[in-house]
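These notes concern the structure reproduced below.
Derivation of every value follows stated rules applied to the coordinates shown; laboratory data play no part. Predicted model, so just to flag it, every value in this text is computed and none were measured. Here the Cβ positions follow ideal geometry from the backbone for every residue, glycine too, while neighbour counts run over all protein chains shown.
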Amino acid sequence: MAALLAGAAIISRSDLRRALAMLGAILLAPVLLLDDVWHASQFAFVHRHPLEAAVGAVVALVVLAGAAVVIRRKPLLVPLLTMLTLPFRIPISTGASPGNVLAQRTTSNLLVPLYLVVAAAALAWIVPTLRAHRTATAAAERTPQRPPRHWFEKLLSAYIVLYAVQALYSPGFEKALQNEVFFYVPFAVLLALLRDIEWSRELLVRCLGLTAVLAVIFALIGFGEEITKTLWLNSKLIETNQLHEYFTVNSVFFDPNIFGRYLALVMILLVTVLIYDQRTRAQLASIVTLALLWGCLIFTLSRSSLAALSLGMAVLAALRWRAKPVFYLAAVVIVAGAVAVAAKPERFGLYRGLSTASLQVATDGRANLVTGGITLFTERPLQGWGSGSFTAKYEQQFAKEARSVSDSHNIPVTVATEQGLIGLTLYVALVIAAIATLLRGARGNPFRVGIAAAFLALLLHTMLYAAFLEDPLTWTLLGIGGALATAARAGESEPKPAPGRFRHRLLRVRA
């Protein structure tokens, strides 16, 4: 039911139906979440002191209501607060209720601050909308329809529902439930909110500026970790750093690869400013910031993030200038890289040549995860093993190789294993539709160019690491990109930037 409501919130063109769907989603999701985390260690205080916990819940609701009132008065706070809270996660132990001794308790890094922003923003829109439809005047008038939804939004809604349905026969039902409640449902509401914001040039620039400031702060924290050789988060990463000669930084992120992804995407957006805005001040600021972020990205040791950054740069060059030279150069680089690896594999960590064992070591165990996922897919190719089942099935079938398994580190393989050809077909269609929407007519519009390049870079990162729809950055890029594409499709004026100025004007998408 939560998945159906979330999907309806994305594609509904009626204000009333969308308000009811969003309200149902934000009410049902916390209930499912509490049922899953009720026995977590973080809730021990609630069990021991129920009265104090109830008072705290009331205070939280009052704060939420207050935030909704402020957002209602200043709706443009929504995108700024979204950018501010996107990176911050709080670890919460989930799963393994006392009655289920066989299940293992896991720790999920939840975006609690972002959830609060989404809930407050949703209430700020839902309450006035429902009030308006209670009046006789509003009921008598036909509600104006919102612009038609893009194909990727329809496919995204279908994918959310399909994921919930395929969880019914999954041995990893708890993992699927967590993905739906922690990620898909709240992020669907977030996309619906971002999709209909009045995106002006000034608002986009402010969001980018805030994001760049956050990235600089995170990078400085990363430099501090590198200098002191000290981490504050992720005990597993701390142990890994103690066992190896190299040192990996993660700043406020639990995973250095997710930190690297964040830095890479921000760098892509800043390079967009660099190649479009010819003002000296803007270019100097971009160059200094890029140099700082690049230095910290190196310390993450995230090869997948470096690959994502490279793709993003290539997309920017192809859209800003000509595509053919970029394709030719990319082909040359790929061929040269393949020749170098084949000639001197030991320089790339392949000390046993191109053997399976060597690839396994060089990829930190990811090669076996991918090949194991493909094996599982061939055993049940049509419907898969069920949503969220990859970890359970891999550990069951490849027990000797199951070392800290979370997924295949390749989203298409994970989707194929868990959801079979049914889910894989829908996933591929979703990706193609999203890319087509973001790229169609984007050339010449620096905002759309930057978002398209960042999304493609993120997409590549998901094929080398993890977290596609589990990352709010995906939904944020699609929400903003979809809104700008709607403006272009509606024929709104999009003049090119004047020489020497970054003055690309975007007319607003009005509700």
Stretchable slack from residue 198 to residue 435, in nm (0.36 nm times residue separation minus alpha-carbon distance): 83.1 nm
Ascending count of other beta-carbon atoms within 10 Å, so fewest first, for 200, 389: 200, 389
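Once fully extended, how much extra length lies between residue 395 and residue 52, figured as 0.36 nm per residue of separation less the alpha-carbon to alpha-carbon distance? Show your work: numbers first, answer last.
On the way: separation 343, 0.36 × 343 = 123.48 nm, distance 4.14 nm.
Answer, rounded to one decimal: 119.3 nm.
Nearest 0.05, what FRET efficiency do residue 334 and residue 281 give at R0 = 56 Å with Cβ-Cβ as r?
Numbers: r = 37 Å, r/R0 = 0.66.
My answer for the efficiency is 0.90.
Sort 170, 305 by Cβ crowding within 10 Å, fewest neighbours at the top.
Working: 170 23, 305 28.
Placing the least packed residue first, the sequence is 170, 305.
Cβ under 13 Å from residue 433's Cβ, residue 433 left aside: what net charge do those residues give with Lys, Arg +1 and Asp, Glu -1? Spell out each step's value before the answer.
On the way: positive: 149, 154, 440; negative: 153.
In short, +2.
Compare the peptides 180-191, 222-233, 462-473, 314-325 by average per-residue count of other Cβ atoms within 10 angstrom and give them in order, highest first.
On the way: 180-191: 25.8, 222-233: 15.0, 462-473: 20.9, 314-325: 16.7.
Ranked from most to least packed, the peptides come out as 180-191, 462-473, 314-325, 222-233.
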Rough spin-label spacing in nm, given labels placed 7 Å along Cα→Cβ, for residue 324 and residue 31: 6.1 nm
Gained length - residue 382 relative to residue 72, 0.36 nm times residue gap less alpha-carbon distance: 106.9 nm
Exposure proxy order (Cβ contacts within 10 Å, fewest to most) of 424, 27: 27, 424
